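Okay, so here's the structure we're looking at.
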Amino acid sequence: MYQKLSLYIDGKFIDAEGRQTQEVINPANREVLGHLPHATEADLEAALQAADKAFQSWRKSSPIERAAILRKVGELTRERAPEIARNMTLDMGKPLAESMGELISCADHCDWHAEECRRIYGRVIPPRNPNVRQFVLREPIGVCVAFTPWNFPYNQAIRKITAAIGAGCTIVLKGPEDAPSAVMAIAHMFADAGLPPGVLNIVWGDPPKVSDYLIRSPISRKVSFTGSVAVGKHLAALAGQHMKRVTMELGGHSPVLVFDDADIEKAAKMLAKFKVRNAGQVCVSPTRFYVQKGAYDKFVETFTAVMGSTKVGDGLVEGTEMGPLAHERRVPVMSKFVEDAVSRGGKVLVGGNPIEGNGFFFPPTVITGLPEDSMLMTQEPFGPVAPVVSFDDPEEVIRKANSLPFGLSSYVFTNSLQTATKVSNALEAGMVNINHFGSALPETPFGGVKESGIGSEGGSETFDGYLVTKFVTHV
Ligand code: NAD
């Protein structure tokens with residue numbers, strides 16, 4: 001049975017009951033899985049009012065109480081993971097093992113936020129006058145509104161919810177309409193863990209209409225979004241008009257720098273496996289592959305062989321290594337990237353055309369010999385299409401890696417400590433991974449620079465976006 005879909009407002013699960021609904025479709029076979037109710041304006045207002053009312057008491061709750069609920073949700077996540085993972089594979093397509101991996105890491109996110117929320121400290125500032133006491137308090141910002149995408153439906157939502165709730169805020173979250181089961185499961189777990197009504201509210205609808213209503217409302221104080229740069233700029237501008245705090249986790253175009261002195265075979269295999277994870281629909285997916293001349297041929301040969309041997313299919317079928325793209329609309333987007341590359345002299349070594357059939361499948365694709373200003377080298381493909389080019393001079397490749405307006409993740413493969421240090425200092429990126437993939441752990445900060453975003457999620461920075469500073473002085 002697929003997850004029952006509803007709104008969750010003021011502690012109540014609300015069915016469609018005459019509201020507009022949207023079909024939820026399995027991208028592997030177009031089967032209709034369920035119908036998602038859209039919130040009316042009255043529902044959005046009710047969610048904001050509930051969050052506002054709940055904030056008056058939740059802000060005063062003890063961190064011990066908040067920690068207990070977050071820890072309980074971590075436990076429930078581990079317990080219910082098989083069922084939630086299956087539903088997530090059904091509505092967004094990723095292989096079941098990846099869905100399970102996402103859930104288990106999210107249980108760790110719950111534990112981390114449960115532990116860290118007990119360490120939201122203020123400070124005492126030494127006074128000029130010995131009779132004065134002066135303190136800095138960090139208080140919850142208030143009602144937060146959040147918008148999360150479909151590529152890691154559980155992860156993106158739980159990061160925002162645990163940070164808001166752990167800080168003492170309340171939240172209204174619009175999840176991804178195309179893949180809603182994971183966010184729905186989160187609502188049930190918080191309800192079962194004893195979260196008071198109104199602290200967490202879940203709504204669905206037409207994304208621009210919902211975000212416009214929630215951000216303009218005088219009730220909301222903070223906006224958190226994960227998604228594309230274009231939508232992020234729009235929402236940040238709207239938030240700016242109302243002077244609201246933002247956290248923006250946006251797109252990237254992660255450069256990969258493979259130097260001659262790296263273990264080339266290992267790097268090529270690791271990168272190919274990492275590229276097809278979630279069918280490349282990952283904001284930190286390795287995107288532009290720059291390989292030093294001496295290693296280029298060997299890298300391309302191994303990388304292409306591993307990409308080409310990926311088992312593509314329904315994520316519920318055992319042995320599947322890459323599922324479909326999450327939506328029909330993503331398939332022509334991949335073809336457009338390939339067509340542009342080919343028209344500019346690019347050579348397709350493997351893949352390149354949609355896979356015929358009922359689902360939204362596009363194969364792992366490797367393209368070489370394309371110019372620096374092609375679509376694939378400058379725009380985020382958000383899919384399993386990888387351009388590989390060669391470089392000679394380390395200075396030149398650093399300049400190219402930093403040449404785009406994005407700065408999310410980056411990957412470096414070298415056996416030289418000197419090169420690793422030099423390149424990690426020079427890269428304009430929120431995250432630098434050297435010889436392995438180590439981002440996105442609960443205890444490490446995740447976020448971008450330049451147009452890739454504002455603020456971090458995870459790490460000890462995780463609550464920063466949800467707290468305001470208050471200075472108190474008395475004699
Ligand atoms: P899209 O830009 O239409 O939507 C991206 C996400 O933003 C979706 O979850 C959508 O519901 C939401 N969204 C769109 N307009 C919104 C609005 N006005 N208010 C609130 N939310 C809004 O594109 P898409 O076809 O769904 O996804 C493709 C692109 O989105 C990719 O190219 C990628 O850059 C980006 N994306 C990024 C991430 C990420 O993790 N950073 C995740 C998903 C999608």
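Computed values, structure above
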{"quantity": "Selection count, region 441-475, where residues are of a type in the set (Val, Ile, Thr), in contact with a helix residue (DSSP H, G or I) (Cβ under 9 Å, 6 or more places away or on another chain) and farther than 14 Å from residue 113 by Cβ", "calculated": "1"}
{"quantity": "Members of region 159-184 found to be outside any helix (DSSP H, G or I) and in contact with a Leu (Cβ under 8 Å, 6 or more places away or on another chain), listed by number", "calculated": "170, 171, 172, 173, 174, 177, 180"}
{"quantity": "Residue that is nearest to the chain's Cα centre (by Cα) [pool: residues in region 206-230 that are near the ligand (Cβ under 10 Å from one of its atoms) and among the small types (Gly, Ala, Ser)]", "calculated": "227"}
{"quantity": "Residue 257 crowded, with 24+ Cβ neighbours inside 10 Å and in contact (Cβ under 8 Å) with a residue 12 or more places away in the chain", "calculated": "yes"}
{"quantity": "Residues (over 14 Å from the mean Cα position of the chain (by Cα) and closer than 14 Å to residue 201 by Cα) located in region 143-173", "calculated": "143, 144, 145, 162, 164, 165, 169, 170, 171, 172, 173"}
{"quantity": "Residue under evaluation residue 141, criteria (1) within 13 Å of the ligand (Cβ to nearest atom); (2) surrounded by fewer than 23 Cβ atoms within 10 Å (Cβ to Cβ), criterion not met", "calculated": "(1)"}
{"quantity": "Which listed residue, of 384, 364, 394, 371, is within 16 Å of the ligand (Cβ to nearest atom) and in contact with a helix residue (DSSP H, G or I) (Cβ under 8 Å, 6 or more places away or on another chain)", "calculated": "384"}
{"quantity": "Test: residue in region 245-253 that is over 22 Å from residue 204 (Cα atoms), more than 8 Å from the ligand (Cβ to nearest atom) and charged (D, E, K, R)", "calculated": "yes"}
{"quantity": "Residue that is nearest to residue 156 (Cα to Cα), among those in region 274-307 that are small (Gly, Ala, Ser) and surrounded by fewer than 23 Cβ atoms within 10 Å (Cβ to Cβ)", "calculated": "305"}
{"quantity": "Candidate set from region 152-194 (those that are within 11 Å of the ligand (Cβ to nearest atom) and surrounded by fewer than 24 Cβ atoms within 10 Å (Cβ to Cβ)); member that is farthest from residue 86 (Cα to Cα)", "calculated": "177"}
{"quantity": "Single match in 443, 396 (criterion: of a type in the set (Asp, Glu), surrounded by fewer than 16 Cβ atoms within 10 Å (Cβ to Cβ) and either within 16 Å of the chain's Cα centre (by Cα) or not in a helix (DSSP H, G or I) (or both))", "calculated": "443"}
{"quantity": "Selection from region 195-205 of residues that are away from the ligand (no atom under 15 Å from the Cβ) and either part of a loop (DSSP other than H, G, I, E, B) or over 24 Å from residue 182 (Cβ atoms) (or both)", "calculated": "195, 196, 197, 198, 199"}
{"quantity": "Residues that are in contact with a helix residue (DSSP H, G or I) (Cβ under 6 Å, 6 or more places away or on another chain) and free of Cβ contacts under 8 Å to residues at least 40 places away in the same chain, drawn from region 412-428", "calculated": "426"}
{"quantity": "Members of region 278-312 found to be on the phi < 0 side of the Ramachandran plot, within 16 Å of the ligand (Cβ to nearest atom) and touching a strand residue (DSSP E or B) at 6+ places or on another chain (Cβ under 8 Å), listed by number", "calculated": "283, 284, 285, 286, 287, 288"}
{"quantity": "Residue within region 399-411 that is in contact (Cβ under 8 Å) with a residue 12 or more places away in the chain, surrounded by fewer than 23 Cβ atoms within 10 Å (Cβ to Cβ) and over 19 Å from residue 290 (Cβ atoms) present", "calculated": "no"}
{"quantity": "Residue 238 vs. criteria crowded, with 19+ Cβ neighbours inside 10 Å, assigned to a helix (DSSP H, G or I), within 11 Å of the ligand (Cβ to nearest atom) and assigned by TED's automatic domain parsing to the domain that holds residue 54", "calculated": "no"}
{"quantity": "Subset of region 329-348 [within 16 Å of the ligand (Cβ to nearest atom) and not small (Gly, Ala, Ser)]", "calculated": "329, 330, 331, 332, 333, 334, 336, 337, 338, 340"}
{"quantity": "Given (1) buried (at least 20 other Cβ atoms within 10 Å of the Cβ); (2) of a type outside the set (Asp, Glu); (3) in a loop (DSSP other than H, G, I, E, B), number of the condition residue 327 does not satisfy", "calculated": "(1)"}
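The values are calculated or read from the model by the stated rules, or taken from the named source; none is laboratory data. Source: prediction; values computed, not measured. Every residue, glycine among them, receives a Cβ derived from its backbone with ideal geometry; neighbour counts consider all protein chains shown.
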